[in-house]
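Have a look at the structure below before the remarks.
The values are calculated or read from the model by the stated rules, or taken from the named source; none is laboratory data. Nothing here was measured: the structure is a model prediction, and the numbers come from that model. Counting neighbours? That spans all protein chains shown, and the Cβs are built from the backbone with ideal geometry, glycine included.
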Amino acid sequence: MNRTATARTERKGDRMGRWILAAVAMLALGTTACGGGDDDNPAQSGPVASFTPGTASSGSIAQLAGSSSGTTFTIKISATDIADFFGAAFRIRVDPDFVAYQGLSSTGSFLRDGGVTNLDFRADATTVPGQVIVNATRVQNSGGTIPGVNVVGTRELVSLTFRIRTFINPTADANSNGIPDGSLDFIDPREVCDSDQPVCTPITVTWSAGSVRGS
Ligand SMILES: [Ca+2]
């Protein structure tokens with residue numbers, strides 16, 4: 001170590017000493033050196049989404065948990081013990097100030113069973129602000145030979161991804177618009193159809209929605 005470097009080290013040591021004294025003084029005063037505790041870790045500074053699922057009882061369509069990362073979360077729209085399931089149409093209402101729709105995935109849908117490709121998966125979140133209008137159905141051919149699916153146990157119909165815009169208390173209505181801020185309620189029109197032709201017979205199901213917290 002040459003003389004210059006030694007001198008620099010000594011000066012650095014002086015600065016460290018002063019910094020420690022300053023820190024001790026702040027502790028003594030009950031203050032903190034960094035007011036935004038997460039400044040050095042942006043990944044932890046924003047809200048994180050936490051989804052609470054619905055209940056997948058027999059004869060239900062329920063929102064179950066998929067993956068989640070930061071503000072983004074995916075819910076699995078799942079059917080449980082429903083015979084001759086041909087298709088479903090429903091809406092999910094969100095509070096648009098708090099929750100934004102991101103996309104639909106049908107990759108894991110039971111409607112694809114048996115290699116059926118006559119399918120129609122759609123989600124429209126722009127026609128009615130705050131409503132995600134979902135269609136997930138097989139499409140019958142002219143011969144009426146495409147069957148419904150006997151759903152045994154709990155299986156995925158589609159996955160929907162959302163993100164939260166801010167911190168959310170799911171049961172609060174902070175913006176006073178009459179919609180709980182973290183709700184993901186199923187709303188009408190909503191229907192599950194069997195494979196009857198030319199007009200399907202509606203299947204009565206229970207609808208079980210979840211909600212999201214941002215904290
Ligand atoms: Ca609200």
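Is it the case that region 86-95 has a residue that's touching a residue at least 40 places away in the same chain (Cβ under 8 Å), in contact with a strand residue (DSSP E or B) (Cβ under 6 Å, 6 or more places away or on another chain) and of a type in the set (Phe, Trp, Tyr)?
Residues of region 86-95 touching a residue at least 40 places away in the same chain (Cβ under 8 Å): 86-95.
Okay, now just the ones that are also in contact with a strand residue (DSSP E or B) (Cβ under 6 Å, 6 or more places away or on another chain), so 86-93.
Then drop every residue that is not of a type in the set (Phe, Trp, Tyr), which leaves 86, 90.
Within region 86-95, one or more residues are touching a residue at least 40 places away in the same chain (Cβ under 8 Å), in contact with a strand residue (DSSP E or B) (Cβ under 6 Å, 6 or more places away or on another chain) and of a type in the set (Phe, Trp, Tyr).
Every residue, every condition in (1) within 16 Å of Thr161 (Cβ to Cβ); (2) surrounded by 15 or more Cβ atoms within 10 Å (Cβ to Cβ); (3) assigned by TED's automatic domain parsing to the domain that holds Ile146; (4) within 16 Å of the ligand (Cβ to nearest atom), yes or no:
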{"site": "Thr71", "(1), (2), (3), (4)": "yes, yes, yes, no"}
{"site": "Ile77", "(1), (2), (3), (4)": "yes, yes, yes, no"}
{"site": "Thr80", "(1), (2), (3), (4)": "no, yes, yes, no"}
{"site": "Asp84", "(1), (2), (3), (4)": "no, yes, yes, no"}
{"site": "Asp95", "(1), (2), (3), (4)": "no, yes, yes, yes"}
{"site": "Thr107", "(1), (2), (3), (4)": "yes, no, yes, no"}
Quiz item: So is Arg213 out of contact with any helix residue (DSSP H, G or I) (no Cβ under 6 Å at 6 or more places or on another chain), within 16 Å of the ligand (Cβ to nearest atom) and in a strand (DSSP E or B) or not?
Solution: yes
Quiz prompt | In region 185-202, residue farthest from Pro96 (Cα to Cα) [restricted to those that are touching a Phe, Trp or Tyr at 6+ places or on another chain (Cβ under 9 Å) and among the β-branched types (Val, Ile, Thr)] | solution = Val192
Quiz item: With respect to the numbered conditions (1) farther than 13 Å from Ala136 by Cβ; (2) in contact (Cβ under 8 Å) with a residue 60 or more places away in the chain; (3) more than 12 Å from the chain's Cα centre (by Cα), which one is the sole condition not fulfilled by Gln102?
Solution: (3)
Quiz item: Name the residues in region 41-95 that are in a strand (DSSP E or B) and aromatic (Phe, Trp, Tyr), would you?
Solution: Phe51, Phe73, Phe85, Phe90
Self-check item: Arg155 vs. criteria at pLDDT 95 or above, farther than 15 Å from Val116 by Cβ, surrounded by 13 or more Cβ atoms within 10 Å (Cβ to Cβ) and in the same structural domain as Thr55 (by TED's automatic domain parsing)
Solution: no
